[in-house]
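Derivation of every value follows stated rules applied to the coordinates shown; laboratory data play no part. Nothing here was measured: the structure is a model prediction, and the numbers come from that model. Cβ atoms come from the backbone with ideal geometry, glycine included; neighbour counts cover every protein chain shown.
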Amino acid sequence: MNTSMKPQTSRPLFRRCIPLLLWLVALLPASGAVTDSLTRVRFETTMGNFVIALYNDTPLHRDNFLKLVREGYYDGLLFHRVIRHFMVQAGDPDSRSASPGQLLGEGGPGYTLPAEIRYPAHYHRRGAVAAAREGDDVNPEWRSSGSQFYVVWGQRFTDGQLAALAGDVYELTQGKVELDPSLDPVYRATGGAPHLDGQYTVFGEVVEGLDVIEAMQAVETNADDRPITDVRIVRATVAE
């Protein structure tokens, strides 16, 4: 697995039959009645607006994210790392006044968060919001960045690709993560980034404005995956 395809806070960032019911459940959109009671955060950006809902079963990430939003931490920050057909990443405070071409991705609030990985309940489907983190070699506990997050766009996968990914993830995590085949229908039909499942904390999802994420992940970038034309968060607010 190419480490450049992992959201990071620094630059080096058993197949079985599935019952019909599981297929139907997996294909249902995550947004809707399930997210109606969740706290939402609205992001106004230079490319349009989107809204995310924060999960209650990742309370450390939820509460920290809300704290930062209410403090205005994200206002003015860039989406400093964008990879087409994969994800868009923001939350580096150094990006607020970054010069053109400046290398970003090291900044944060000065702390990390314990992992709250709730896989397979939360996974890297299109629109998932997750915490970036340092690589496994320096971060074996998979602790999350205190501020950097990414939104998944991803791609659609075939059965063969998913089977190969399952083997790769099992091997690379030394058997700690086994991909759940009940999620395969979503990755075939909707898309995402299954190679990150079970290794990063997914703490929310986009419930409005996914078209904005689609547009962001298609912008032109430089060799460091930074957009040539800045994509900036104008303001983030909590929907009280």
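Worth pointing out:
- Relative contact order (%) - criterion: Cα under 8 Å, at least six apart; region: region 38-239: 37 percent
- Using a simple spin-label model with pseudo-atoms 7 Å out from Cα toward Cβ, E141 and T173 lie 1.9 nm apart.
- The packing ranking, built from the mean of other Cβ atoms within 10 Å per residue, places the peptides 75-83, 104-112 in the order 75-83, 104-112, highest first.
- Phi-based couplings in Hz for region 74-85 (Karplus 6.51, -1.76, 1.60; Gly and Pro marked x): 7, 5, x, 7, 8, 7, 8, 9, 9, 10, 4, 6
- Our coupling estimate for region 195-212, obtained by passing each phi through the Karplus curve with A = 6.51, B = -1.76, C = 1.60 and θ = phi - 60°, is 5, 9, 4, x, 10, 10, 7, 8, 10, x, 8, 6, 10, 8, x, 4, 5, 5 Hz, Gly and Pro reported as x.
- Shown is the FRET efficiency for E208 and N56, computed with R0 = 25 Å from the Cβ-Cβ distance and rounded to the nearest 0.05: 0.85.
- Student exercise, region 38-239 dipole from Lys, Arg, Asp, Glu Cβ charges, in Debye to nearest 20: 580 debye
- Largest-first principal axis extents of the Cα set of region 38-239 (Å): 43, 33, 33
- Overall form of region 49-151 per C-alpha gyration tensor (a/c, 1.5; a/b vs b/c): rounded
- Lys/Arg +1, Asp/Glu -1 at C-beta; region 38-239 dipole; positive extreme among T221, T45, G160: T45
- Centre separation in Å (Cα based) which lies between region 92-109 and region 136-198: 27 Å
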